[in-house]
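The next block holds one structure in the form of structure tokens; read it before the comments.
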Amino acid sequence: MSNTLAWNELLATRASRMRASEIRELLKLLDQPDIISFAGGIPDPSLFPAEAAKNATVDILSDPKSAAQAMQYSVSEGYAPLRAWIASHMGRLGVACTADNILITNGSQQGLDFLAKLLISPGDTALVTAPTYLGALQAFNPYEPRYDRLNTDGGNVTPAEFEARARDAGGRVKFAYVVPDFANPTGETMSLAARQSLLDMASDLDIAIIEDTAYEALRFEGEPVTPILALDIARQGHIDATRTVYCGTFSKTIAPAYRVGWICAAAPLISKLVLVKQAADLHSSTINQMVMHAIASGHYDAQVEAARDLYRGRRDALVSALERDMPAGVSWTKPEGGLFVWVTLPEAIDGAALLARAIAEERVAFVPGAAFFATDVKRNTIRLNFSSPNEAQINEGIRRLARLIRNS
């Protein structure tokens, strides 16, 4: 008899729904210098405020009182000055709130996991777009939901039909998840009318809305669209009466390594999320929060403006290269901001099969589109990131990719 424990026989049923991230695996290709990668949504490291981070860290650790605070356990809600800064920042976006409406998380990804843990019972339904953010599906999947398709541009089934489908599956509809600004993976933005319609539907269904705003600050052109949470507050009169949960992050605007994100929502929900945070990791790193507060307080607007300027040029380069080089039958989105362009290939071309050939034959990487679908999978799609490659790499990479598609 073997003494080796059969781990697979001990795993909870939810473990069968856990999948490796295709994006995380593709990031390993960044270590290969001859690969031109359009894969991960990776900020350009030239934008990282290394000097400001160094100065903030030295200042914090040079003072015995702040050093002791930075290296000690802390409250689960998060570092109070940072929460106050975020509340003020939310106010600039039209969301009237206080620090009591803010919970600091380890990136917005942890926020998605916490919300899924709190809201989803096995068999409950989450409404998601097709496609949607892969990381959200990874966060939701372990809690064993079913998915139904949400169309943010209209054409949904009635609320009664959504409810009936959920009931037939043994649960109820719990929330709608959207990335309203420069969505990952499509780069598309929900109109004001679409946001209002989503609030109407959520009210009819009596469900929550999870508003994932990782890219909201990275607008290159056009007028900002009011956050769904701000529209909700306007309807309800106070944030504590709203159903919208706003997930924000500093990863795309300042630096991802600090893993500082936040949830802004009604205080009763925040109090429940604090309990989830306590069970998960007690609190986010105190020194990381203190450094992030110092950087955000002094440099946030300049950081955002620098990111917009850099990524606008790369977006333009990518769209121009696609227009110049791609054969007939290929189409793509033209985002007003964010980090991604979504490409639809001729129906006969599978994105995953194309990736295998692109790496082997042309040394180009991207993310196949099928991974972003919980429903209605379209395999003839791919996602291209433009924040990581420079303009010369963009031009050469698209030239190679177009050649491969033309010969497929």
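Look at (1) surrounded by fewer than 19 Cβ atoms within 10 Å (Cβ to Cβ); (2) touching a residue at least 24 places away in the same chain (Cβ under 8 Å) and you find that residue 64 fails only one, number (2). Looking for something farther than 23 Å from residue 42 by Cβ, modelled with pLDDT of 95 or more and in the same structural domain as residue 82 (by TED's automatic domain parsing) - is there at least one such residue anywhere in region 250-263? Yes.
Taking (1) touching a Pro at 6+ places or on another chain (Cβ under 6 Å); (2) in a loop (DSSP other than H, G, I, E, B) in turn, residue 254 satisfies each apart from (1).
Evaluation of residue 86 against the conditions (1) in contact (Cβ under 8 Å) with a residue 40 or more places away in the chain; (2) in a loop (DSSP other than H, G, I, E, B) shows that the sole unmet condition is (2). Restricted to region 179-224, and to residues there that are over 28 Å from residue 370 (Cα atoms) and among the acidic types (Asp, Glu), the residue that is farthest from the chain's Cα centre (by Cα) is 204.
Checked against the criterion of being buried (at least 21 other Cβ atoms within 10 Å of the Cβ) and at negative phi, the candidates 300, 311 yield just one match: 311.
Considering only residues that are of a type in the set (Gly, Ala, Ser) and within 16 Å of the chain's Cα centre (by Cα), look in region 79-131 and name the one that is surrounded by the fewest Cβ atoms within 10 Å (Cβ to Cβ). Outline the logic, then answer.
From region 79-131, those of a type in the set (Gly, Ala, Ser) are 80, 84, 87-88, 91, 94, 96, 99, 107-108, 111, 116, 121, 123, 126, 130; that's our starting set.
From what's left, within 16 Å of the chain's Cα centre (by Cα): 107-108, 111, 116, 130.
Details: 107: 21, 108: 26, 111: 28, 116: 24, 130: 16.
Only one residue tops the list, namely 130.
Do you know which of the residues in region 360-369 that are surrounded by fewer than 18 Cβ atoms within 10 Å (Cβ to Cβ) and in contact (Cβ under 8 Å) with a residue 24 or more places away in the chain is nearest to the chain's Cα centre (by Cα)?
Of the residues in region 360-369, the ones surrounded by fewer than 18 Cβ atoms within 10 Å (Cβ to Cβ) are 360-361, 363.
Adding the requirement that they be in contact (Cβ under 8 Å) with a residue 24 or more places away in the chain leaves 361, 363.
Working: 361: 31, 363: 27 Å.
Among residues in region 360-369 that are surrounded by fewer than 18 Cβ atoms within 10 Å (Cβ to Cβ) and in contact (Cβ under 8 Å) with a residue 24 or more places away in the chain, the one nearest to the chain's Cα centre (by Cα) is 363.
Count of region 132-144 residues, restricted to those that are more than 18 Å from residue 184 (Cβ to Cβ) and either among the aromatic types (Phe, Trp, Tyr) or crowded, with 22+ Cβ neighbours inside 10 Å (or both), is 1. Among the residues of region 88-100, none qualifies, meaning not one is under 18 Å from residue 280 (Cα atoms) and in the same structural domain as residue 214 (by TED's automatic domain parsing). With respect to the conditions (1) modelled with pLDDT of 95 or more; (2) small (Gly, Ala, Ser); (3) closer than 23 Å to residue 230 by Cβ, residue 130 falls short on a single one, namely (3).
Matching residues to (1) part of a loop (DSSP other than H, G, I, E, B); (2) farther than 16 Å from residue 132 by Cβ; (3) touching a residue at least 12 places away in the same chain (Cβ under 8 Å):
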| site | (1), (2), (3) |
| --- | --- |
| 142 | no, yes, yes |
| 171 | yes, yes, yes |
| 176 | no, no, yes |
| 183 | yes, no, yes |
| 186 | yes, no, yes |
| 202 | no, yes, yes |
| 215 | yes, no, yes |
| 222 | yes, yes, yes |
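Going through (1) touching a strand residue (DSSP E or B) at 6+ places or on another chain (Cβ under 8 Å); (2) more than 18 Å from residue 187 (Cβ to Cβ); (3) not aliphatic (A, V, I, L, M) one by one, residue 389 falls short only on (2).
With respect to (1) part of a helix (DSSP H, G or I); (2) exposed (fewer than 14 other Cβ atoms within 10 Å of the Cβ); (3) in the same structural domain as residue 223 (by TED's automatic domain parsing), the lone exception for residue 293 is condition (2).
Figure legend. Inter-residue proximity from region 392-408: first residues under 15 Å from residue 37 (Cα atoms) and in the same structural domain as residue 328 (by TED's automatic domain parsing), second residues acidic (Asp, Glu) and modelled with pLDDT of 95 or more, beta-carbon distance below 7 Å, spacing 6+ or different chains. Indicated pairs: 398/325; 399/325; 400/362; 401/362; 402/325. Within region 149-167, the set of residues being in a loop (DSSP other than H, G, I, E, B) and among the hydrophobic types (A, V, I, L, M, F, W, C) comprises 150, 157. The residues of region 378-408 that are part of a helix (DSSP H, G or I) and touching a Phe, Trp or Tyr at 6+ places or on another chain (Cβ under 8 Å), listed by number, are 394, 397, 401.
The values are calculated or read from the model by the stated rules, or taken from the named source; none is laboratory data. Nothing here was measured: the structure is a model prediction, and the numbers come from that model. In this analysis, Cβ positions are derived from the backbone assuming ideal geometry, glycine residues included, and neighbour counts consider all displayed protein chains.
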